[in-house]
1. Could you work out the relative contact order of the stretch 1-83, using alpha carbon pairs under 8 angstrom and six or more residues apart, expressed as a whole percent?
2. Considering Cα pairs under 8 angstrom that are at least six residues apart, work out the relative contact order of the chain and quote it in whole percent.
3. How many angstrom separate the Cα center of the stretch 106-126 from the Cα center of the stretch 79-102?
4. I need the peptides 164-174, 6-16, 88-98, 108-118 ranked by packing, meaning the mean over residues of other C-beta atoms within 10 angstrom, with the highest value on top.
5. Could you please state how large a percent of the accessible area of the stretch 1-143 is carbon and sulfur, counting protein chains only and using a 1.4 Å probe?
6. With an 8 Å cut-off on Cα pairs and a minimum separation of 6 or more residues, tell me the relative contact order of the stretch 63-121 in percent.
7. If you plug each phi of the stretch 90-106 into the Karplus form 6.51 cos²θ - 1.76 cosθ + 1.60 with θ = phi - 60°, what whole-Hz ³J(HN,Hα) values come out, in order, with x for Gly and Pro?
8. Express the accessible area of the stretch 1-144 per residue in Å², computed with a 1.4 Å probe while the remaining protein chains stay in the model.
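The values are calculated or read from the model by the stated rules, or taken from the named source; none is laboratory data. Everything numeric in this text was worked out from a predicted model, so none of it was measured. Note: ideal-geometry Cβ built from the backbone for every residue, glycine included; neighbour counts use all protein chains shown. Just so you know, the surface numbers come from the protein's heavy atoms only, side chains and all, with ligands and any DNA or RNA stripped out. Shrake-Rupley method; radii C 1.70, N 1.55, O 1.52, S 1.80 Å.
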Amino acid sequence: MDTPDTRAREVRLAIFDVDGIMTDGTLYVTDAGEEMKGFHVRDGHGLKMLQNSGVVLAILSGRRARCVEHRARDLGIDHVLQGVARKHEGFEALLRAVGLEARQASYMGDDVIDLPVLRRCGLAATVPEAPALVRSHCHLVTSAGGGRGAVRELCERIMQAQGTLDAQLARHLD
């Protein structure tokens, strides 16, 4: 049977949109024109655990912001594509860069610009706030919202399906 968990077992590359997924979608712009975003620390820890379990992480965003580069560097995410208007092209570039097939990738996005990737990847995930059209093309809709634990929820779901979650949690119980 083709369930979200059977799809999650094959994930070797987890790709995340930023606005509305890693953040709540709110854009803060200073008087100087600098863009700021709020990232949830528990989402970051989920990403680190998933990475430590052997899954490659990537960011694929239609917007470009320096704060995303800083956050990715803090988390050790090497594959960061920003300013990508045609996300399916960015998706294909990421697959080539890591030598994987589409079925081995998950993607978490929340808007119509994400549909070409959500429809092609092995595990498509989104947040409850996503438009109905986007939710209808996803294998998984998190219970947590964007920037409020949705990323962590997906990371743990992938690790649970792959049998690596307990080992990652045990590292913090010693």
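1. Numbers: 91 pairs, mean separation 25.3, N = 83.
Once divided by the residue count of the stretch 1-83, the mean separation gives 31 percent.
2. Relative contact order comes out at 30 percent.
3. What the calculation gives is 12 Å, centre to centre.
4. Output ranking for 164-174, 6-16, 88-98, 108-118: 108-118, 6-16, 88-98, 164-174.
5. Values: 3350 of 6890 Å².
Summing carbon and sulfur atoms, their accessible area is 49 percent of the total for the stretch 1-143.
6. Once normalised by length, the contact order is 29 percent.
7. Running phi through 6.51 cos²θ - 1.76 cosθ + 1.60 with θ = phi - 60° gives x, 4, 4, 5, 5, 4, 5, 4, 9, x, 10, 9, 4, 5, 8, 10, 9 Hz.
8. Accessible area per residue, the stretch 1-144: 48 Å².
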